[in-house]
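A short write-up of the structure that comes next.
The values are calculated or read from the model by the stated rules, or taken from the named source; none is laboratory data. Because the structure is a prediction, the values reported are computed rather than measured. Cβ atoms come from the backbone with ideal geometry, glycine included; neighbour counts cover every protein chain shown.
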Amino acid sequence: MRHNQHFEHLLKRHQLKRTEARLRVLELLVNKKTATSQPDLESVIADVDRVTLYRILNAFEEKGIIHKVFDLNGTANYAICSSDCDEHYHHDEHLHFNCTNCKNVYCLDEMDMPPIVLPAGFKLEKLSFSATGLCPKCANK
Ligand SMILES: [Zn+2]
Ligand SMILES: [Zn+2]
Ligand SMILES: [Zn+2]
């Protein structure tokens, strides 16, 4: 199978060894417009076993390639990070839109989020924005 050089480069940049399974997971996640759960990934790449897939997702998340977001059922979904993320810090403070109909989670990272200023004494570790409603596909039905 031929892979985009971009994906190999992405693995290299995050100090991950190039493996066929990693490249396939990466390609899948990059090409999806919505966040993807592990069971969804399992059904598409059935020949990569569950433990391997779990380790790949963990490594990607640790290295700042993907971030985790929970859907309305509480299932973890994974989405590609912006290029600003690395293993020390994730910058995924964009709005996550949960569609109540198709249950897809969208990363709306093209929107500007308002700056959040916390009251004195609070130390921020992670900020997340989420919205619930209908995605364009479901709203137009
Ligand atoms: Zn990230
Ligand atoms: Zn929808
Ligand atoms: Zn996201």
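Could you tell me how many of the residues in segment 105-114 are surrounded by 12 or more Cβ atoms within 10 Å (Cβ to Cβ) and either more than 12 Å from ligand 1 (Cβ to nearest atom) or free of Cβ contacts under 8 Å to residues at least 24 places away in the same chain (or both)? Can you show your working first?
Of the residues in segment 105-114, the ones surrounded by 12 or more Cβ atoms within 10 Å (Cβ to Cβ) are 105-109, 113.
Checking which are either more than 12 Å from ligand 1 (Cβ to nearest atom) or free of Cβ contacts under 8 Å to residues at least 24 places away in the same chain (or both) leaves us with 105-106, 108, 113.
Total satisfying the criteria: 4.
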Any residue in segment 84-98 that is farther than 17 Å from Leu10 by Cα sitting within a Cβ distance under 8 Å of a residue that is assigned to a strand (DSSP E or B) and more than 16 Å from ligand 2 (Cβ to nearest atom)? List the pairs, counting only those 6 or more apart or interchain. Asp92/His67; Glu93/Phe129; His94/Phe129; Leu95/Phe129; His96/Phe129
Verdict on Lys17 being at pLDDT 90 or above and of a type outside the set (Phe, Trp, Tyr): yes
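Would you check which residues across segment 60-70 are surrounded by 18 or more Cβ atoms within 10 Å (Cβ to Cβ) and either in contact (Cβ under 8 Å) with a residue 24 or more places away in the chain or of a type in the set (A, V, I, L, M, F, W, C) (or both) and list them? Before you say what the answer is, go through the steps one by one.
The first filter runs over segment 60-70 and keeps only residues surrounded by 18 or more Cβ atoms within 10 Å (Cβ to Cβ), leaving 60-61, 63-67, 69.
If the condition is that a residue be surrounded by 18 or more Cβ atoms within 10 Å (Cβ to Cβ) and either in contact (Cβ under 8 Å) with a residue 24 or more places away in the chain or of a type in the set (A, V, I, L, M, F, W, C) (or both), then Phe60, Lys63, Gly64, Ile65, Ile66, His67, Val69 are the ones that fit.
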I'm told Leu23 meets every condition in (1) surrounded by 12 or more Cβ atoms within 10 Å (Cβ to Cβ); (2) modelled with pLDDT under 90 except one. Can you identify the failing condition by its number? (2)
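Would you mind finding the one in Asn77, Asn140, Asn73 that is more than 30 Å from Glu8 (Cβ to Cβ) and either touching a Ser or Thr at 6+ places or on another chain (Cβ under 9 Å) or in contact (Cβ under 8 Å) with a residue 12 or more places away in the chain (or both)? Spell out how you get there, then give the answer.
Values: Asn77 fails: more than 30 Å from Glu8 (Cβ to Cβ); Asn140 fails: either touching a Ser or Thr at 6+ places or on another chain (Cβ under 9 Å) or in contact (Cβ under 8 Å) with a residue 12 or more places away in the chain (or both).
Only one candidate passes the filter, namely Asn73.
Return yes or no: is Tyr78 within 16 Å of ligand 1 (Cβ to nearest atom), under 26 Å from Leu16 (Cβ atoms) and either part of a strand (DSSP E or B) or charged (D, E, K, R) (or both)? I'd like the intermediate steps shown before the answer.
Working: within 16 Å of ligand 1 (Cβ to nearest atom): yes; under 26 Å from Leu16 (Cβ atoms): yes; either part of a strand (DSSP E or B) or charged (D, E, K, R) (or both): yes.
Taking the combined requirement at face value, the residue satisfies it.
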Pick from segment 56-89 the residues that are within 11 Å of the chain's Cα centre (by Cα) and among the hydroxyl-bearing types (Ser, Thr, Tyr): which of them is nearest to Tyr106 (Cα to Cα)? Tyr78
If you take the residues in segment 93-104 that are at pLDDT 90 or above and more than 10 Å from ligand 2 (Cβ to nearest atom), which one is surrounded by the most Cβ atoms within 10 Å (Cβ to Cβ)? His96
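Out of Glu27, Glu42, which single residue is among the acidic types (Asp, Glu), assigned to a helix (DSSP H, G or I) and under 13 Å from the mean Cα position of the chain (by Cα)? Please lay out each step first, then the result.
Values: Glu42 fails: under 13 Å from the mean Cα position of the chain (by Cα).
Among Glu27, Glu42, only Glu27 is among the acidic types (Asp, Glu), assigned to a helix (DSSP H, G or I) and under 13 Å from the mean Cα position of the chain (by Cα).
Across segment 104-118, which residue is farthest from ligand 3 (Cβ to nearest atom) among those that are in a loop (DSSP other than H, G, I, E, B) and β-branched (Val, Ile, Thr)? Reasoning before the result, please.
Pass one, segment 104-118, residues in a loop (DSSP other than H, G, I, E, B): 104, 109-118.
So of that shortlist, the ones also β-branched (Val, Ile, Thr) come out as 116-117.
Details: Ile116: 17, Val117: 22 Å.
Among those residues, the one meeting the criterion is Val117.
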Limited to segment 45-64, what total is found for residues that are assigned to a loop (DSSP other than H, G, I, E, B), out of contact with any Asp or Glu (no Cβ under 9 Å at 6 or more places or on another chain) and among the aliphatic types (A, V, I, L, M)? 2
